[in-house]
Amino acid sequence: MKNIAIIGGGNLGAAIAEGLIKSKFVKPGNITVTRRNTEPLAYLAKQGVKITSDNEEAIRENDVILVAVKPYNVKEILKGLKHCFNPKKHILVSVITGVTISDLTGIVDHGVPIFRAMPNTAIAIQESVTCLCSVGATRKQVAYVTDLFNQLGITISIDENLMDAATVLGACGIAFALRFIRAATQGGIEIGFDARTANLIAAQTVNGAAGLLLKGSRHPEEEIDKVTTPRGCTIAGLNEMEHQGFSSSLIKGIVTSFEKIN
Ligand SMILES: NC(=O)c1ccc[n+]([C@@H]2O[C@H](COP(=O)([O-])OP(=O)(O)OC[C@H]3O[C@@H](n4cnc5c(N)ncnc54)[C@H](OP(=O)(O)O)[C@@H]3O)[C@@H](O)[C@H]2O)c1
């Protein structure tokens with residue numbers, strides 16, 4: 001079992017630690033989480049996770065170094081830690097948005113295998129989709145890091161040139177899906193439900209729809225055909241949504257996010 005250090009125990013870093021413990025992928029005592037103000041991590045310390053502000057020690061004592069600091073901090077933080085990395089021991093995994101493997105190689109510059117991962121916030125409940133690419137890693141190391149993120153949802157291997165697209169579709173996608181649920185909830189209230197019930201029905205319906213695709217490996221349109229009775233209410237509502245630009249607005253929103261990220 002490898003020892004894992006998470007440099008930057010904020011929202012994402014702490015959620016990753018929690019998910020790895022829950023999945024039993026690693027024992028709490030084999031995880032170290034760092035941040036400058038360690039107080040918010042007391043709940044992880046109670047579970048047996050090592051908490052520290054000492055990044056150097058964390059890197060020296062661990063094998064997998066997962067960096068989850070803010071993009072504007074990473075250069076400064078990793079530059080000061082360059083001398084701690086050992087290519088024979090370490091694997092560097094970055095979940096930092098917009099920071100390329102080439103940027104990281106430029107900072108660490110040590111022959112250390114480098115992974116870039118793009119999860120989303122559903123990692124907190126082990127339901128992320130994490131897109132992953134790497135440079136300089138062996139097959140065994142790729143399998144290990146893939147397995148690590150599989151504990152936190154599903155993992156998809158991609159070329160690095162698709163990382164921005166993965167950020168939009170997967171990470172920003174959480175917000176797009178949630179806005180759909182919110183709008184459906186508002187519609188549900190207008191046709192008679194209280195907000196709480198409407199939200200529950202809308203959220204579980206999206207969960208069920210996603211499950212039909214993920215567990216049944218079917219095409220969305222195949223499932224839509226099953227609920228669209230000729231002259232029925234589903235097709236009437238669906239077509240009205242399309243007349244109002246439903247699919248088009250989603251596609252345009254995704255493309256706009258992608259243009260913004262570049
Ligand atoms: N949230 C998402 O949906 C998502 C998805 C994919 C990727 N990401 C990426 O994940 C990264 C983290 O995002 P987040 O939302 O978790 O941000 P966050 O909550 O701000 O976490 C960053 C953490 O880094 C710590 N930190 C700052 N300087 C440090 C240092 N010198 N040594 C150790 N820790 C230090 C901060 O704590 P202190 O101030 O106490 O040190 C903070 O807890 C970002 O780069 C983001 O782009 C986020």
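Rule-based calculations on the coordinates, nothing more; no lab input. Predicted model only: the values in this text are computed from it and were never measured. Note that each Cβ is placed from the backbone with ideal geometry, even for glycine, and that neighbours are counted across all protein chains shown.
For the reader, a short list of remarks on this structure follows.
- Available extension along the chain between LEU212 and ILE158 is 17.0 nm, counting 0.36 nm per residue and deducting the alpha carbon span.
- Span from the segment 24-100 Cα centroid across to the segment 117-146 one, whole angstrom: 16
- Surrounding net charge for LEU12, when Lys and Arg each add one and Asp and Glu each subtract one, Cβ distance under 13 Å: +1
- Debye intensity ratio in log₁₀ form over the Cα atoms of segment 150-240, taken at each q of 0.16, 0.22, 0.24, 0.26 Å⁻¹: -0.89, -1.28, -1.32, -1.34
- Expressed to the nearest 5 percent, the antiparallel share of DSSP beta bridges inside the chain is 20 percent.
- FRET efficiency, 1/(1 + (r/R0)^6) with R0 41 Å, evaluated for HIS243 and ILE125 via beta carbons: 0.70
- The Cα-based radius of gyration of the chain, divided by its Kirkwood radius, gives an Rg/Rh of 1.04.
- Rounded to the nearest 20, the size of the Cβ-charge dipole of segment 77-202 about its Cα centre is 460 debye, with Lys and Arg at +1 and Asp and Glu at -1.
- According to the Kirkwood relation over distinct C-alpha pairs, the hydrodynamic radius of segment 1-69 is 11.4 Å.
- In a fully extended conformation the segment linking ILE235 and ILE189 would gain 14.5 nm over its present Cα-Cα distance, using 0.36 nm per residue.
- The convex hull around the C-alpha trace of segment 18-160, projected and averaged over every direction, spans 7.9 square nanometres.
- Relative contact order of the chain, defined on C-alpha pairs under 8 angstrom at six or more residues apart (%): 13
- Exposure proxy ranking for VAL227, VAL33, VAL142, VAL64, based on other Cβ atoms within 10 angstrom of each Cβ and starting from the fewest, stands as VAL227, VAL142, VAL64, VAL33.
- When +1 charges are put on Lys and Arg Cβ atoms and -1 charges on Asp and Glu Cβ atoms, the dipole computed for the chain relative to its Cα centre reaches about 760 debye.
- Annotation: the antiparallel percentage among DSSP beta bridges lying fully within segment 1-144 is about 20.
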